[in-house]
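> Below is a structure I'd like to ask you about.
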Ligand SMILES: Nc1ncnc2c1ncn2[C@@H]1O[C@H](COP(=O)(O)OP(=O)(O)O)[C@@H](O)[C@H]1O
Ligand SMILES: [Mg+2]
């Protein structure tokens, strides 16, 4: 994979070091001064500040009253946490889910260690300010929230004629001593942090972002050992939804393991980074990126599904087929890259493409039966053959192409075999997973598939060849003119009718296909924006050094275009992530459907819907916000807009 | 590495007096009628016309540039200098006439264009480095993927070239971290890495701060001494006077006057040339 060397992936670009001109700590302004300058600079602005302040306070009060009301059935959420996140994955196999989480956590930690630059660190003063703000917020919240209703000796709410009776304000305030204590503890920690810099030699003034994150993540994990946040929802493979059976008994340990795993892999990543040279580091980074690409497939099809492999078939059909394609394709590619093959090579590659296209046509016409794998292998071979001329000449390059081909065949045939093998995991519904897991899986597969498609569409739309341009433009305009839900329903309900009799497509796959085609059209428009931002000089310079159109696109134009379009691309990623909630409408048990239909239908929690919906919104928001923050970091790192 | 073999250097050093080449521009055109061009003709243009829509940017350009010759093209802004130089490596397409580079005629045949582009290096006014690649990757990209060199070989060559242009220590930096003069020297190294037979320069110092102009001109001068064939559009009269073998003066898409620097700066014949010189000198 020589390509990877010359074309660093987005994430492994070394950070451009800039001379620090900004002072480490801003000049200190007293809070009173800040308030006067920013909130009450003029009578009119003072009026606005007061008006909006009142509005915000009233909104917060309403929210607090809602969340802490005695009528709230938060047990519905606490009991169903597992259902909300993974649906009814069998209890005795649940460790598979944890393996998935663990693999991703470890990989994330490792990547952070290998990629992320050690920043300046977070000033303790900033943390202290945040803690003070939190303490104030808690105190304000305690005062704002209306007094609780009185509960009589019989456990019933005390009522007069038609209204509930509430505590007196003073009683309410003293009843909430726990919250006051929380605010006080936060304030004490904040003041303590303020004193730290004064003690040391100044090295204590900041804390590394990694350490801060580790501490921040440790707190909720630790809290699970003290307070049972969640309750058990399953026992002996049966849904019980019984308040009081705590799930924290089973999740506090795994989450602790996850925390340790995250920190350990981060440290390993950093240690490795400090030990190896620049060149092997960039190789390692490419390897980690490739692992990231493979992980969703491995986790979903191998770990979660636990395929029931049929060894007889594998040794008699699958392995020989893969070997045959590997060897025969290898020979073809070796020949295609030999010296002086010239035009003949192009013709041969095009002939292969024609053969592949014919195979697909035959599949749709039902002319002759053939394993789907064979058709796809032919197509892959044709594509690689078309690119082969870039690797001709030197033996080393030809060997690399050959190795890449064998790797492609191995990976493809492995996954094709796994996917065709039935699962051994049995769940109450047809789908393997549901809830938030399905949201993630659909979003991740959609993005992985729609990114390449979107880039190709964008290139086609800006191509000089009218046929490509017209096709891409019509596709994009058609898809953008149709609501997503229509496309999804089309793919789920109507597409199966169009497929030949021997082809079947699962609900999951057809939904992902619909999302992919939809998202690709939007991604294409974003990438096109990036392509248009590239100055003509870049094309001319590439031409002047003799790069062909495909080399120019791969190494010069696309890397810059993608970088320039990171903000809208991330916007599209977030949109796709949120749009997966439409899965609920086409019959998939996703996180929204859990909150909206499944939980309110449980006998114990009949009709309790609002709590679940609020919680689900919170989960969506946390993810979307994290993504957005991460993209801002990425932008800064790659220096978007400061070329 | 880039034409620095001793023969060519000797040949160059042998002629200290300028004006070894004939002043006339049409003799080569007349001399070879059955061949495409004479053997030591590097660039031959015959009656080249170029229109942008209705606007004729080049009209009847005929000129021959010999191997190892340094030709400076002068002329007021908008006179078609860039257009001409860009036609020579097909960044612009001329509509009529012939352009022959190293015996290969520019036509719509894609292979000819590829061949000529790998024979001709070009340096732009705006440098046009690839901002997302390090200096090293900027230089090695084309040698690796077009010349099919191995990475180590290409990097070795790139380091030698950076040494040559005086910035070997900047190899791992990004273009945005370099000064304008350094960027332009990287651009020269990038062009040289393809081992071209001709180098085209389109106002290589016009975008530079005054204190950086010299470092770029020095590199170009050194390149001229090694026997590279060069065609340079510039407003640096000092460079034209010192380094050029011939000067071509253009105006309104036409070649107005051709001559040695000596002839050109001391006894120009055409009125338009005199006017131009009175404005710039
Ligand atoms: N792409 C273009 N489209 C239309 N007109 C152009 C284009 N490029 C150059 N021209 C015109 O051609 C003439 C010559 O331009 P140019 O070769 O850039 O001049 P010079 O380099 O001598 O300043 C100018 O009048 C310019 O406006
Ligand atoms: Mg110009």
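> Closer than 30 Å to residue A:90 by Cα, assigned to a helix (DSSP H, G or I) and within 37 Å of the chain's Cα centre (by Cα): which single residue out of A:298, A:317, A:383 fits that description? Walk me through how you get there before you give the answer.
On the way: A:317 fails: closer than 30 Å to residue A:90 by Cα; A:383 fails: closer than 30 Å to residue A:90 by Cα.
Unique residue meeting the criteria: A:298.
> Inside region B:200-217, can you point out the residues that are out of contact with any strand residue (DSSP E or B) (no Cβ under 8 Å at 6 or more places or on another chain) and within 16 Å of ligand 2 (Cβ to nearest atom)? Break it down stepwise before answering.
Going residue by residue through region B:200-217, those that are out of contact with any strand residue (DSSP E or B) (no Cβ under 8 Å at 6 or more places or on another chain) are B:205-217.
Across region B:200-217, the qualifying residues are B:205, B:206, B:207, B:208.
> Scan region B:199-215 for residues that are more than 16 Å from ligand 1 (Cβ to nearest atom) and more than 14 Å from the chain's Cα centre (by Cα) and report the count.
So in region B:199-215, the residues more than 16 Å from ligand 1 (Cβ to nearest atom) come out as B:199, B:208-215.
The next check asks that each one be more than 14 Å from the chain's Cα centre (by Cα); those that pass are B:208-215.
Summing the residues that are more than 16 Å from ligand 1 (Cβ to nearest atom) and more than 14 Å from the chain's Cα centre (by Cα) in region B:199-215 gives 8.
> Where residues in region B:165-175 are assigned to a helix (DSSP H, G or I) and touching a helix residue (DSSP H, G or I) at 6+ places or on another chain (Cβ under 7 Å), which of them is nearest to the other protein chains (Cβ to nearest Cβ)? Explain how you work it out, then say what you get.
Narrowing region B:165-175 to residues assigned to a helix (DSSP H, G or I): B:165, B:168-170, B:175.
So of that shortlist, the ones also touching a helix residue (DSSP H, G or I) at 6+ places or on another chain (Cβ under 7 Å) come out as B:165, B:168, B:170, B:175.
On the way: B:165: 16, B:168: 17, B:170: 14, B:175: 9 Å.
Among those residues, the one meeting the criterion is B:175.
> Follow-up. I'd like to know if region B:79-87 contains one or more residues that are farther than 22 Å from residue B:236 by Cα and either crowded, with 22+ Cβ neighbours inside 10 Å or within 16 Å of ligand 1 (Cβ to nearest atom) (or both).
The answer is yes, given that some residue of region B:79-87 is farther than 22 Å from residue B:236 by Cα and either crowded, with 22+ Cβ neighbours inside 10 Å or within 16 Å of ligand 1 (Cβ to nearest atom) (or both).
Yes/no per residue for (1) touching a strand residue (DSSP E or B) at 6+ places or on another chain (Cβ under 9 Å); (2) more than 14 Å from chain B (Cβ to nearest Cβ); (3) modelled with pLDDT under 85:
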| position | (1), (2), (3) |
| --- | --- |
| A:2 | no, no, yes |
| A:6 | no, no, yes |
| A:11 | no, no, yes |
| A:17 | no, no, yes |
| A:29 | no, yes, yes |
| A:45 | no, yes, no |
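> Tell me which of these residue B:178 doesn't satisfy, since it passes every other one: (1) within 14 Å of chain A (Cβ to nearest Cβ); (2) modelled with pLDDT of 95 or more; (3) away from ligand 2 (no atom under 16 Å from the Cβ).
In the conditions (1) within 14 Å of chain A (Cβ to nearest Cβ); (2) modelled with pLDDT of 95 or more; (3) away from ligand 2 (no atom under 16 Å from the Cβ), residue B:178 misses (2) alone.
> What number of residues in region A:260-284 are under 30 Å from residue A:221 (Cα atoms) and touching a residue at least 40 places away in the same chain (Cβ under 8 Å)?
Residues meeting the conditions: 13.
> Among (1) closer than 30 Å to residue B:280 by Cα; (2) more than 16 Å from ligand 1 (Cβ to nearest atom), there is one condition residue B:110 misses while meeting the rest; what is its number?
Every listed condition holds for residue B:110 apart from (1).
> Continuing with the same structure: Would you point out the residue of region B:228-256, among those that are away from ligand 1 (no atom under 16 Å from the Cβ) and buried (at least 21 other Cβ atoms within 10 Å of the Cβ), that is nearest to residue A:540 (Cα to Cα)?
Restricting to residues being away from ligand 1 (no atom under 16 Å from the Cβ) and buried (at least 21 other Cβ atoms within 10 Å of the Cβ), the top hit is B:230.
> Can you tell which of B:128, B:89 is within 10 Å of another protein chain (Cβ to nearest Cβ) and on the phi > 0 side of the Ramachandran plot? Step through it out loud before you land on a result.
Details: B:89 fails: on the phi > 0 side of the Ramachandran plot.
Step by step, each of B:128, B:89 is checked, and only B:128 is within 10 Å of another protein chain (Cβ to nearest Cβ) and on the phi > 0 side of the Ramachandran plot.
> Shifting gears a bit: Right, residue A:581: in contact with a strand residue (DSSP E or B) (Cβ under 8 Å, 6 or more places away or on another chain), in a helix (DSSP H, G or I) and more than 14 Å from chain B (Cβ to nearest Cβ) or not? Spell out the reasoning first.
Working: in contact with a strand residue (DSSP E or B) (Cβ under 8 Å, 6 or more places away or on another chain): yes; in a helix (DSSP H, G or I): yes; more than 14 Å from chain B (Cβ to nearest Cβ): yes.
In short, yes.
> For region A:496-517, indicate whether the set of residues that are within 13 Å of chain B (Cβ to nearest Cβ), assigned to a helix (DSSP H, G or I) and more than 19 Å from the chain's Cα centre (by Cα) is non-empty. It would help to see each step written out before you state the result.
Going residue by residue through region A:496-517, those that are within 13 Å of chain B (Cβ to nearest Cβ) are none.
No: region A:496-517 contains no residue that is within 13 Å of chain B (Cβ to nearest Cβ), assigned to a helix (DSSP H, G or I) and more than 19 Å from the chain's Cα centre (by Cα).
> Here is a further query. Give the residues of region B:75-127 that are modelled with pLDDT of 90 or more and assigned to a strand (DSSP E or B), sorted by residue number.
Within region B:75-127, B:96, B:97, B:98, B:99, B:100, B:101, B:120, B:121, B:122, B:123 meet the criteria.
> Please verify whether region A:154-161 includes one or more residues that are within 30 Å of residue A:272 (Cβ to Cβ) and either free of Cβ contacts under 8 Å to residues at least 60 places away in the same chain or buried (at least 16 other Cβ atoms within 10 Å of the Cβ) (or both). Please lay out each step first, then the result.
Going residue by residue through region A:154-161, those that are within 30 Å of residue A:272 (Cβ to Cβ) are none.
Within region A:154-161, none of the residues are within 30 Å of residue A:272 (Cβ to Cβ) and either free of Cβ contacts under 8 Å to residues at least 60 places away in the same chain or buried (at least 16 other Cβ atoms within 10 Å of the Cβ) (or both).
> Another one. Within region A:386-424, how many residues turn out to be more than 14 Å from every other protein chain (Cβ to nearest Cβ), out of contact with any helix residue (DSSP H, G or I) (no Cβ under 9 Å at 6 or more places or on another chain) and part of a helix (DSSP H, G or I)?
Result for region A:386-424: 2.
> When both residues are 6+ apart or on different chains and their Cβ atoms are under 6 Å apart, which pairs have a first residue that lies in region A:34-55 and is over 25 Å from residue A:144 (Cβ atoms), and a second that is at pLDDT 85 or above and loosely packed, with under 11 Cβ neighbours inside 10 Å?
Nothing qualifies.
> Taking residue B:161, is it away from ligand 1 (no atom under 16 Å from the Cβ), touching a helix residue (DSSP H, G or I) at 6+ places or on another chain (Cβ under 8 Å), modelled with pLDDT of 95 or more and more than 11 Å from every other protein chain (Cβ to nearest Cβ)? First the steps, then the outcome.
Working: away from ligand 1 (no atom under 16 Å from the Cβ): yes; touching a helix residue (DSSP H, G or I) at 6+ places or on another chain (Cβ under 8 Å): yes; modelled with pLDDT of 95 or more: yes; more than 11 Å from every other protein chain (Cβ to nearest Cβ): yes.
Taking the combined requirement at face value, the residue satisfies it.
> Please indicate, with yes or no, whether at least one residue in region B:117-125 is more than 30 Å from residue B:238 (Cβ to Cβ), surrounded by 23 or more Cβ atoms within 10 Å (Cβ to Cβ) and facing chain A (nearest Cβ under 9 Å).
yes
> Continuing with the same structure: When you scan region A:464-473, do you find a residue that is surrounded by fewer than 19 Cβ atoms within 10 Å (Cβ to Cβ), in contact with a helix residue (DSSP H, G or I) (Cβ under 8 Å, 6 or more places away or on another chain) and under 20 Å from residue A:580 (Cα atoms), even just one?
no
> I'm told residue B:148 meets every condition in (1) on the phi > 0 side of the Ramachandran plot; (2) within 16 Å of ligand 2 (Cβ to nearest atom); (3) facing another protein chain (nearest Cβ under 9 Å) except one. Can you identify the failing condition by its number?
It fails just one condition, (2).
> Looking only at region A:546-578, count every residue that is more than 17 Å from residue A:451 (Cβ to Cβ) and either within 14 Å of another protein chain (Cβ to nearest Cβ) or without any contact (Cβ under 8 Å) to a residue 12 or more places away in the chain (or both) and tell me the total. Step through it out loud before you land on a result.
Going through region A:546-578, the residues more than 17 Å from residue A:451 (Cβ to Cβ) turn out to be A:546-552, A:555-556, A:578.
Right, trim to either within 14 Å of another protein chain (Cβ to nearest Cβ) or without any contact (Cβ under 8 Å) to a residue 12 or more places away in the chain (or both) and you get A:546-552, A:555-556.
Number of matching residues: 9.
> Report whether or not residue B:197 is more than 16 Å from ligand 2 (Cβ to nearest atom), away from chain A (no Cβ under 12 Å) and within 16 Å of residue B:231 (Cα to Cα).
Numbers: more than 16 Å from ligand 2 (Cβ to nearest atom): yes; away from chain A (no Cβ under 12 Å): yes; within 16 Å of residue B:231 (Cα to Cα): yes.
Criteria met by residue B:197.
The values are calculated or read from the model by the stated rules, or taken from the named source; none is laboratory data. Owing to the predicted nature of the structure, the values given are computational and were not obtained by experimental measurement. Positions of Cβ are backbone-derived with ideal geometry, glycine not excepted, and every protein chain shown enters the neighbour counts.
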